[in-house]
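Before any comments, here is the structure.
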Amino acid sequence: MRLPATRHATVYGQSLGLLAIGFAARLALEPLFGTNHAYTAFYPVVILAAYFFGAGPAIMSAVLSIVLAYWVFAAPTLAWKWNFAAVAPALFFAFTATVSIYFITGMARALEALAEARARAEELARDHAQLFGELNDRVANHLQLVAAVLQLQARDESDQSVARALAEASARTLLISRVHRSVAGDADKTLDFDAFARHLLDTTLAARGHPPVEVEVERRGLRLPLDQATSVAVVLLECLNARLRLNTPASLRVRLRNDDLETILEVSESWPAAVDAADLDIGHRAIAAMVEQLGGQFSVTRNAVETVSALVFPRPGLGASAAMGGAGGATLH
């Protein structure tokens, strides 16, 4: 690879700096070495130049090292000498410097090529991971859309056996969607359930033509794993759809809170004309599938001031047996 002119001059200048350091070190060792080991202090100069600056600067350092060592430090000093004792060390230094430059620069090029290949591989892996993540989201969303269509078809089906089969297919499709997210590696991710629920409910009401139902989501700042959030969202939508099917004005409050060992989703209606629990036509098959997966319990109750649909399930990281005593199901009170 051809270096820019400024970089080219810099590396040669730095090589000369290394050579000056080697020459100064050899001068400092003159009282100890005398006319022996004339080339010893210049080996590090050639090796460092080859590793950091490349073949050209290393060759320049080797040639100048031979000239300086031969002229200044080899006996007789500051004179030309052609005897074997003076020429042989210079030739040996030239040979060893050549071998060092060849292998060191080759290794440096190989390491640089490896780093480039690794960078390309990491970039390609990131691109593939992004594409896979997008594909995973689309597949999971499409599965959920299919489940929703099946559920709507089941509600409009007059034949009860066909309606039950469609409802079961919807629940199973939702489960497949959850498994797909888990296998694809999204199970460990979490989301802000308050924001997610707000968006989900607004979208549902808009799709229904903005019926006279007001929904408030209390901000608690809780985060749920994606697999739990999906199941909780199905239950939340079933509660909302049950109220929408009554086609009367309503005001609902949604809150998700943590107890000691449990997470509790509550959908409550506190108007004086709140619907009785027996009047809510909640899709228990879909909810039962979600409750079973969560290891929790679902109930609809009516007291003096409000009607409450509640989903109770173990907090993330706790087993169902620890939080719920191993019991789960859907009940009406």
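When region 68-83 is filtered for residues that are surrounded by 13 or more Cβ atoms within 10 Å (Cβ to Cβ) and either part of a helix (DSSP H, G or I) or among the small types (Gly, Ala, Ser) (or both), the ones remaining, listed by number, are Leu68, Ala69, Tyr70, Trp71, Val72, Phe73, Ala74, Ala75. Applying the condition of being exposed (fewer than 15 other Cβ atoms within 10 Å of the Cβ) and of a type outside the set (Asp, Glu) to region 156-175 and asking which residue is modelled with the lowest pLDDT yields Arg172. Here's a check for you: in region 84-141, which residue that is within 30 Å of Val72 (Cβ to Cβ) and among the aromatic types (Phe, Trp, Tyr) is surrounded by the most Cβ atoms within 10 Å (Cβ to Cβ)? Result: Phe93. Filtered by the rule that a residue be surrounded by fewer than 24 Cβ atoms within 10 Å (Cβ to Cβ) and either out of contact with any helix residue (DSSP H, G or I) (no Cβ under 8 Å at 6 or more places or on another chain) or within 14 Å of Thr96 (Cβ to Cβ) (or both), region 42-61 gives Tyr43, Pro44, Ile47, Ile59.
Filtered by the rule that a residue be in contact with an Asp or Glu (Cβ under 9 Å, 6 or more places away or on another chain) and among the small types (Gly, Ala, Ser), region 217-238 gives a lone residue, Gly221. The residues on offer are Leu265, Leu252, Leu246, and the sole one that is assigned to a loop (DSSP other than H, G, I, E, B) and either at pLDDT 75 or above or not assigned by TED's automatic domain parsing to the domain that holds Glu216 (or both) is Leu246.
The values are calculated or read from the model by the stated rules, or taken from the named source; none is laboratory data. All values derive from a computational prediction rather than experimental measurement. Heads up, the Cβs are rebuilt from the backbone with ideal geometry, glycines too, and the neighbour counts pull from every protein chain shown.
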